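> Here's a structure for you.
The values are calculated or read from the model by the stated rules, or taken from the named source; none is laboratory data. Since we're looking at a predicted model, the values are computed, not measured. Here the Cβ positions follow ideal geometry from the backbone for every residue, glycine too, while neighbour counts run over all protein chains shown.
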Amino acid sequence: MTLGVRIGVAVASVVAAALVVPLGAVAWRADGWDGLRPSDWGALRFTLGQAMVSAALSVLLAVPVARALARRRFAGRGAVILLLGAPFILPVIVAVLGLVAVFGRSGPVNTLLTAVGLEPVSIYGAHGVVLAHVFFNMPLATRLIVQGWQAIPGERLRLAASLGFTTRDTFRLLEWPMLRAVVPGVFLVIFLICTTSFAVALALGGGPNATTVELAIYEAFRFDFDLGRAAMLGALQLILGATAAVLSLRLALPSGFGAGQDRVVPRWDSQGWAVRMQDSVAIGLACAFLLLPVAIVLGDGIGHVTTLPAAVWWGALRSLVIAVAAALLTTSLALAMAIAATRPHGGWIEVAGTLSVAASPLVLGTGLFLLVLPVANPVVLALPVTLFVNVVLGLPFALRALIPAMRDLIRDYDRLSASLNLSGWAWLRLVGLPRLRRPLGFAAGLTAALAAGDLGVIALFASPDQATLPLVLYQLMGSYRMDEAKAAALLLIALSLGVFWLFERGSRDA
Amino acid sequence: MSSPHPVRPMERDMKTTLIPALILTASAASAEPLTIYAPDYFGSEWGPGPAIKTAFEAHCACEIEYVTGDLLPRLRLEGERTRADVMIGLNTDDAERARQTGLFADHGVDTRDLTMPIEWTDTTFVPFNWGQTAFMYDTARVETPPTSFAALLEAPDDLRIVIQDPRTSVSGLALALWMYAVFGEETEDAWAKLAPKITTVTRGWSESYGMFTEGEADMVLSYVTSEAYHIIAEEDLTKKAAIFDEGHYVMVETAAKLAGSDQPDLAQSFLDFVLTEAFQSIIPEGNWSMPAKLPADQLPEGFALLGKPEKAIIYPAPEAEALRETVVAAFEAGLAR
């Protein structure tokens, strides 16, 4: 085993422990075991059903958008790709208000429907939950799939053009194999994110029929203080997540394009007006769907940004520090895990690294709190714990960007590296980092953005002078200051997209 | 939405306020801060916490340290090991479970002559503010608001209401108890009648209230005193609380001291501080709720404009606790129909 693989295995073990040990701590602290309630099974069915549909739709809708973004070059393309990521990092409460502003009763959608004589539609219900989850997760799916498209070597596209491929041929022989390699992992991550949803599902689900497992955990914890039930539900969530991970990662097939010289070539197969039209429509609709809700809510905040009180800026600074630290840590750890995961018998590493999205944040936070309690004052450790949780929660996203790229790298360059006797640091410096800098930059940017926006476990640990920006945002909203809260949300988005852009940009220029 | 002019939580200059001598007696300097567990809103810059801290510290030569978060679960996780000296912000509907932990000491504060619509006999928890649960409405969208809970149930189904989930929110639980007090055995039917009008149920108050101010809902479950914020901070007279004939459920927030506190004297002097004017006068605009002991003529002007429910409903802590499962089940069953 090389050093890289060993580090990767160690990190994966720590991550697996970080998921299981807090769960065990909660279970151990439980007073009794009353078992699950009948309503819990209903919650489980609803959770799985909506997660399945949400993930499938997010991916299905992301494919045409990603394809259009990958094969078109237009002014402002970079900005569009960057901004399309916004919903993914939007705090839940802001996103709900944004969706309601667009799809609610006085939003543009219903105004339009009424104007042409149709019945207005209600956003509330199971379909509302799915709509919200697609809104949140389609950006991630799009970005990850665009990455896949960009990884198709230019030489193959050139060859395709010289063979006179039509759009359909290109899809069948180049794009479909790429999707087979990338999509199962993307679907899995989004499915897992949706299984831990709670506030969104409740608000847009329209009532207690939209009860998810995470809500049941919250209720068990907050009202009944039934830690046994909370731990059981948390364990159930993890087991289901692991099963889903094993199943969907089996579906992933390597694309097998072979190495290229990283040329960006024009897409000769997609020059027809019908295809152009199709791409324009895909990008246009995606922008409308993903950006309108964000713009409507945050627009109100613009006027208040400059008058935001100092506490908000301090919160922003704290969030920024956590974001950058989380990004650097996560990316380094994910690189080691990706190295180990792509070696023989490394499958469990990918599963462990992906599973943390399925961990109940509440159970994780409570477990860590219980673990820290005998050793130190949890309040003192608020920010380090937040960082730790953000790293663990960020790993799945970083791995999604890194693992496919690492597989290609190993397949295409491993023999050459071996024949040159390149290994260890030399390999990392001469082969690994140069070949992986794009996905690494993307992974760093993504985890930074996520960490900046994450409320995570800070709620259990924080004292008022340690509040991060998302927590400050909730405080503002809780004291009637809606406009200032929107300004804080705007700041949060600017901050998240800013660090995302810097990391990604930096990696491209490196 | 019009822009609220910034309301500072309170002027920091409280030194001129009269503080009873008993606080001064406890002013022996202590190195360790008084650790107060408080809800997140309370300790935040926009809650009453900072002004209360300043006012107390001005006379005790001590320091208050707030630790914020979900009070009761946290306390139960910590048990005997808790670092809290005082816990503030616990609602009466949660109080019984807090009491059952056995971690609290008697408050020993004189709770006669309160300015609350209910009698107070609890010897563990000192009330510091109260509010009545109410449905807020926008006069532009609801021209004739219902004047009773019964009328609300009979209102046309296109009236759009947002409420909080009794399983996740204290105000939601207060609504469930309120409905049980009004409708008794028929509570589940009442929920079923209300169901078509309930646009959605949210996890907490902020989501609901945001949907209301953004125009998505006509009415929202909030408090009678929410009106005061709009009147005073926004000079907006269009957001009103609908006053119901059957009466309104009272939510009381309390303070209590921990039996295992390592600074029992300082904790006691904080509890003694709670019902003084210096503390109480911070509540109306710091917390947008009613102080537990402050004559009406000392309330900010805008409070005079608030609707005044004729009847106050509340279940004492043990009863509220005993009813919790029943009323939550009625909510779930009524809305599932």
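> So which residues in the range A:155-199 are at pLDDT below 85, closer than 30 Å to A:E214 by Cα and part of a helix (DSSP H, G or I), if there are any at all?
Within the range A:155-199, A:A199 is the sole residue that qualifies.
> Considering only residues of the range B:195-229 that are closer than 22 Å to B:R167 by Cβ and within 15 Å of the chain's Cα centre (by Cα), which is nearest to the other protein chains (Cβ to nearest Cβ)?
In this case the residue turns out to be B:S206.
> Here's another thing I want to ask about it. Tell me, which residue of the range A:262-314 that is surrounded by fewer than 18 Cβ atoms within 10 Å (Cβ to Cβ) and aromatic (F, W, Y) is farthest from the other protein chains (Cβ to nearest Cβ)?
A:W268
> Of the residues B:T202, B:T168, B:T147, which is crowded, with 21+ Cβ neighbours inside 10 Å, in the same structural domain as B:L237 (by TED's automatic domain parsing), among the polar types (S, T, N, Q) and in contact (Cβ under 8 Å) with a residue 12 or more places away in the chain?
On inspection, the qualifying residue turns out to be B:T202.
> If a residue has to be among the β-branched types (V, I, T) and within 14 Å of another protein chain (Cβ to nearest Cβ) to count, how many in the range A:356-365 make the cut? Lay out the reasoning, then the answer.
Within the range A:356-365, the subset among the β-branched types (V, I, T) is A:357, A:363.
Going one step further and asking which of them are within 14 Å of another protein chain (Cβ to nearest Cβ), we end up with A:363.
Matching residues across the range A:356-365 total 1.
> Can you find a residue in the range A:33-47 that is among the aliphatic types (A, V, I, L, M), in a helix (DSSP H, G or I), at pLDDT 85 or above and more than 20 Å from the chain's Cα centre (by Cα)? Talk me through it step by step, then tell me what you get.
Narrowing the range A:33-47 to residues among the aliphatic types (A, V, I, L, M): A:36, A:43-44.
Adding the requirement that they be in a helix (DSSP H, G or I) leaves A:43-44.
Remaining after also requiring at pLDDT 85 or above: A:43-44.
Still in the running and more than 20 Å from the chain's Cα centre (by Cα): A:43-44.
The answer is yes, given that some residue of the range A:33-47 is among the aliphatic types (A, V, I, L, M), in a helix (DSSP H, G or I), at pLDDT 85 or above and more than 20 Å from the chain's Cα centre (by Cα).
> Just to verify a result, which residue in the range A:366-383, among those that are in a loop (DSSP other than H, G, I, E, B) and facing chain B (nearest Cβ under 7 Å), is modelled with the highest pLDDT? Break it down into steps so the answer makes sense when it comes.
If we filter the range A:366-383 for residues that are in a loop (DSSP other than H, G, I, E, B), which is where we start, we get A:373-381.
Pick out the ones that are also facing chain B (nearest Cβ under 7 Å) and you get A:373, A:377, A:379.
On the way: A:L373: 84, A:N377: 81, A:V379: 77.
My answer is A:L373.
> Continuing with the same structure: Could you tell me which of the residues A:G98, A:G78 is out of contact with any helix residue (DSSP H, G or I) (no Cβ under 7 Å at 6 or more places or on another chain) and of a type in the set (G, A, S)?
Values: A:G98 fails: out of contact with any helix residue (DSSP H, G or I) (no Cβ under 7 Å at 6 or more places or on another chain).
Of the residues listed, the single one that is out of contact with any helix residue (DSSP H, G or I) (no Cβ under 7 Å at 6 or more places or on another chain) and of a type in the set (G, A, S) is A:G78.
> Here's a follow-up. Assess whether B:A190 counts as being touching a Phe, Trp or Tyr at 6+ places or on another chain (Cβ under 6 Å), buried (at least 24 other Cβ atoms within 10 Å of the Cβ) and outside any strand (DSSP E or B).
Details: touching a Phe, Trp or Tyr at 6+ places or on another chain (Cβ under 6 Å): yes; buried (at least 24 other Cβ atoms within 10 Å of the Cβ): no; outside any strand (DSSP E or B): yes.
Criteria not met by B:A190.
> Another question, then. I'd like to know if the range B:321-337 contains one or more residues that are part of a loop (DSSP other than H, G, I, E, B), surrounded by fewer than 19 Cβ atoms within 10 Å (Cβ to Cβ) and at pLDDT below 90. Write out each step before concluding.
The initial filter retains those residues of the range B:321-337 that are part of a loop (DSSP other than H, G, I, E, B), namely B:337.
Now drop any that are not surrounded by fewer than 19 Cβ atoms within 10 Å (Cβ to Cβ), which leaves B:337.
Applying the additional criterion that residues be at pLDDT below 90 yields B:337.
Yes, because at least one residue in the range B:321-337 is part of a loop (DSSP other than H, G, I, E, B), surrounded by fewer than 19 Cβ atoms within 10 Å (Cβ to Cβ) and at pLDDT below 90.
> Right, something else. Quick check on my filter: what residues within the range B:101-141 are within 29 Å of B:I231 (Cβ to Cβ) and of a type in the set (S, T, Y)? Steps first, answer last, please.
Start the filter on the range B:101-141 by keeping residues that are within 29 Å of B:I231 (Cβ to Cβ), which leaves B:113-118, B:120, B:126-141.
Of everything in the range B:101-141, those that are within 29 Å of B:I231 (Cβ to Cβ) and of a type in the set (S, T, Y) turn out to be B:T115, B:T133, B:Y137, B:T139.
> Further, regarding this structure: Kindly list the number of the only condition in (1) facing another protein chain (nearest Cβ under 9 Å); (2) touching a residue at least 60 places away in the same chain (Cβ under 8 Å); (3) within 19 Å of A:P361 (Cβ to Cβ) that fails for A:F223.
With (1) facing another protein chain (nearest Cβ under 9 Å); (2) touching a residue at least 60 places away in the same chain (Cβ under 8 Å); (3) within 19 Å of A:P361 (Cβ to Cβ) applied to A:F223, the lone miss is (2).
> For the range A:208-224, does any single residue satisfy the condition of being within 30 Å of A:R105 (Cβ to Cβ), of a type in the set (S, T, N, Q) and either outside any helix (DSSP H, G or I) or in contact with a Gly (Cβ under 7 Å, 6 or more places away or on another chain) (or both)?
yes
> Now for a different question. Can we say B:L103 is in contact (Cβ under 8 Å) with a residue 60 or more places away in the chain, more than 14 Å from chain A (Cβ to nearest Cβ), surrounded by fewer than 24 Cβ atoms within 10 Å (Cβ to Cβ) and out of contact with any Lys or Arg (no Cβ under 6 Å at 6 or more places or on another chain)? First the steps, then the outcome.
Numbers: in contact (Cβ under 8 Å) with a residue 60 or more places away in the chain: yes; more than 14 Å from chain A (Cβ to nearest Cβ): no; surrounded by fewer than 24 Cβ atoms within 10 Å (Cβ to Cβ): yes; out of contact with any Lys or Arg (no Cβ under 6 Å at 6 or more places or on another chain): yes.
Considered against the rule, which asks whether it is in contact (Cβ under 8 Å) with a residue 60 or more places away in the chain, more than 14 Å from chain A (Cβ to nearest Cβ), surrounded by fewer than 24 Cβ atoms within 10 Å (Cβ to Cβ) and out of contact with any Lys or Arg (no Cβ under 6 Å at 6 or more places or on another chain), B:L103 comes out as no.
> Give the residues of the range B:36-54 that are modelled with pLDDT of 90 or more and surrounded by fewer than 22 Cβ atoms within 10 Å (Cβ to Cβ), sorted by residue number.
Passing the criteria: B:K53, B:T54.
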